[in-house]
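The values are calculated or read from the model by the stated rules, or taken from the named source; none is laboratory data. Bear in mind the structure is a predicted one, so any value in this text is a computation, not a measurement. Quick reminder, even Gly has a Cβ in these numbers, built from the backbone with ideal geometry, and neighbours come from all protein chains shown.
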Amino acid sequence: MAYSERAIERRRCTGTTKAGDPCQAWAVWDDPRQLCVQHAGRGQRGPRSGVRKSERTHYQPCTCIAYAWPHRPASGLCCWPDPPRYRSLIPPSTHSWPRVTPEMRQLQRMLSQRWGYWGNPRSRRWKIYG
């Protein structure tokens with residue numbers, strides 16, 4: 001993601017390191033103080049336990065005119081926080097099908113385990129491409 005200078009200014013953590021230097025991490029999206037995970041007190045404390053569950057990034061979708069649908073800020077044609085230079089003319093809800101969801105992948109894994117198709121050349125019939 002290539003941020004503009006204004007976007008970098010709005011996304012940088014405003015905290016300082018122990019040495020007194022400015023923090024170089026990105027601020028958490030929903031933090032009003034514009035602090036990173038560690039400076040906002042949301043970081044890991046104590047020993048880590050087992051496998052860490054992956055958590056999606058929380059951000060406010062951008063609704064600028066670069067796309068006709070809500071999108072991730074500063075992605076593609078969006079120049080958040082500046083107005084976009086170009087506009088996509090693709091109408092919303094025209095993505096190619098099938099869009100592979102975690103549920104579809106789980107179903108594929110379950111079918112493959114149940115019927116023993118791991119590594120079998122005939123397993124392509126169960127593969128969901130995305």
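Would you mind finding the one in ARG33, ARG48 that is free of Cβ contacts under 8 Å to residues at least 60 places away in the same chain, over 24 Å from PRO61 (Cα atoms) and not assigned by TED's automatic domain parsing to the domain that holds TRP80?
ARG48
When you go through GLN44, GLN24 one by one, which is the residue that is more than 25 Å from SER75 (Cβ to Cβ) and not hydrophobic (A, V, I, L, M, F, W, C)?
Step by step, each of GLN44, GLN24 is checked, and only GLN44 is more than 25 Å from SER75 (Cβ to Cβ) and not hydrophobic (A, V, I, L, M, F, W, C).
Which one of these is of a type outside the set (S, T, N, Q), modelled with pLDDT under 85 and over 30 Å from PRO91 (Cα atoms): GLY41, GLY15?
Step by step, each of GLY41, GLY15 is checked, and only GLY41 is of a type outside the set (S, T, N, Q), modelled with pLDDT under 85 and over 30 Å from PRO91 (Cα atoms).
Pick from GLU5, GLU55: which is within 30 Å of GLY76 (Cβ to Cβ), surrounded by fewer than 12 Cβ atoms within 10 Å (Cβ to Cβ), acidic (Asp, Glu) and modelled with pLDDT of 80 or more?
GLU5
Out of (1) loosely packed, with under 10 Cβ neighbours inside 10 Å; (2) outside any loop (DSSP other than H, G, I, E, B), the odd one out for GLY43 is which?
For GLY43, the exception is condition (2).
Filter region 64-107 down to the residues that are of a type outside the set (S, T, N, Q) and part of a helix (DSSP H, G or I) and list them by number.
Selection gives PRO102, GLU103, MET104, ARG105, LEU107.
Could you list all residues from region 27-39 that are loosely packed, with under 13 Cβ neighbours inside 10 Å and either farther than 27 Å from LEU77 by Cα or not acidic (Asp, Glu) (or both)?
Those that are loosely packed, with under 13 Cβ neighbours inside 10 Å and either farther than 27 Å from LEU77 by Cα or not acidic (Asp, Glu) (or both): TRP29, PRO32, ARG33.
Give me the residue from region 88-130 that is within 30 Å of TYR67 (Cβ to Cβ) and hydroxyl-bearing (Ser, Thr, Tyr) and, out of that set, modelled with the highest pLDDT.
So the residue we want is SER88.
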